[in-house]
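These notes are about the structure you will find just below.
Readers should treat all values here as calculations from the given coordinates under stated rules, not as data from a laboratory. On a predicted model such as this, the values are computed, not experimentally measured, just so you know. Cβ placement follows ideal geometry from the backbone for every residue including glycine, while neighbour counts extend to all protein chains displayed.
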Amino acid sequence: MSKNFKEYKGLDLPKLAEEVLNFWKEENIFEQSISIREGAEPFVFFEGPPSANGLPGIHHVMARAIKDIFCRYKTQKGFKVDRKAGWDTHGLPIELGVEKELGITKEDIGTKISVEEYNAACKKAVMRYTDVWNNLTERAGYWVDMEDPYVTYEPKYMETVWWLLKEIYNKDLIYKGYTIQPYSPKAGTGLSSHELNQPGTYQDITDTTVVAQFKAMAETLPDFLGEESNNIWFLAWTTTPWTLPSNTALTVGP
């Protein structure tokens, strides 16, 4: 049997994709995949919402393809899959972007510009590219309900999150702990890993470093070192030499 793939010269994949998408749209195939399963066991799907203040990239297509596989599989298994779209409208990048556009800082909110005006500008900016996202969603063949999305700045959404936190707290499933987090003094808030990867966050700089010596306690060293045990030092390299006076221990690994 031949293992060579014989290319079909008449195959026009872009045209074929367009025909399939048009068929789905004209016949309401996505909507029917839900309506004909009314009363069936539900499979709950809420999309992790993108933020429409930025343009989509190829990584969004890849992630949505994976999501779509699971939803289509469950649909074919007879589940009723209400695919809920959403928009992520919170986050420091949105606020900083609006402040840059308006030429203001955090301190200007409430003085040069009212809180209401600032909020309105943020709401407008965060939905700037919804048309581009909607077009990508359709072109990628990704089935999700874009007509009735959840939006994270809506009171209903925020109050639901607060209610959930209260329920979790009442069930003693929340604990208080301590962790080291990056913090922005200018923005007055902690920073997520996504925010730390924003353009301009990291810079290549030349900095002062220190190699410090820590003398080992002779009585703790093995006997085979003999007299040399009186002159054994550990070397430690640090980019924060100002922390050396507060050192209380040196961790040594094999």
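Over 25 Å apart at the Cα level, from the set Lys123/Lys186; Lys123/Lys176; Lys74/Lys123, are Lys123/Lys176; Lys74/Lys123.
In this simple spin-label approximation, Asp131 and Ile174 carry label points 7 Å from Cα along the Cα→Cβ vector, and these lie 4.1 nm apart. Short-range pairs are left out: with C-alpha atoms under 8 Å and at least six residues apart, the relative contact order of the chain is 16 percent.
Counting other Cβ atoms within 10 Å as a rough exposure proxy, the listed residues Glu31, Glu219 run Glu219, Glu31 from fewest neighbours to most. Each listed q (0.10, 0.12, 0.19 Å⁻¹) maps to a log10 I(q)/I(0) for segment 102-254 from the Debye sum over equal C-alpha point scatterers, namely -0.78, -0.95, -1.38.
Once the chain from Lys112 to Val161 is taken as fully extended at 0.36 nm per residue, the excess over their C-alpha distance is 14.4 nm. A simple spin-label model places pseudo-atoms 7 Å from Cα toward Cβ; at Glu227 and Lys25 they are separated by 9.0 nm.
Helical runs assigned H by DSSP (4 residues or longer) give the chain a calculated mean residue ellipticity at 222 nm of -11500 deg cm²/dmol, each run adding -39500 (n - 2.57) before division by the residue total.
As a rough footprinting exposure proxy, the listed residues Phe234, Phe43 were ranked by other beta carbons within 10 Å of their own, and the order from fewest upward is Phe234, Phe43. Projecting the Cα positions of Met62, Phe46, Cys122 onto the charge dipole of segment 1-132 (unit charges on Cβ atoms of Lys, Arg, Asp and Glu, taken about the Cα centre) puts Met62 furthest along the positive direction. Counting only residues at least eight positions apart within a chain, or on another chain, the lysines with an alpha carbon under 25 Å from that of Lys80 are Lys25, Lys67, Lys156. For a paramagnetic label modelled on Asp82 (point 7 Å from Cα along Cα→Cβ), amide N atoms under 14 Å away belong, within segment 147-165, to 147-150.
Projected over every direction and averaged, the convex hull enclosing the alpha-carbon atoms of segment 13-196 yields 14.6 nm².
Counted residue by residue at 0.36 nm each, then reduced by the alpha carbon distance between them, the extension gain from Thr189 to Tyr8 reaches 59.4 nm. Dipole magnitude for segment 100-254: computed about the Cα centre from +1 point charges on Lys and Arg Cβ and -1 point charges on Asp and Glu Cβ, it is near 360 debye.
For the pair Thr238 and Thr209, the difference between a 0.36 nm per residue extended length and the Cα-Cα distance amounts to 9.9 nm. Each Lys and Arg Cβ is given +1 and each Asp and Glu Cβ -1; about its Cα centre, segment 13-196 then shows a dipole of about 540 debye.
Residues considered: Lys67, Lys171, Lys186. Largest GNM mean-square fluctuation over the chain, using C-alpha springs under 10 Å, is found at Lys171. Under a no-solvent Debye model with one identical scatterer per Cα of segment 7-83, what's log10 I(q)/I(0) at q = 0.14, 0.15 Å⁻¹? Ignoring solvent entirely, the Cα scatterers give -0.65, -0.74. By the beta-carbon count within 10 Å of each Cβ, the least crowded to most crowded order of Ile104, Ile180, fewest first, is Ile180, Ile104. With the largest listed first and rounded to whole Å, the semi-axes of the equivalent ellipsoid of segment 56-98 from the Cα gyration tensor are 30, 14, 5.
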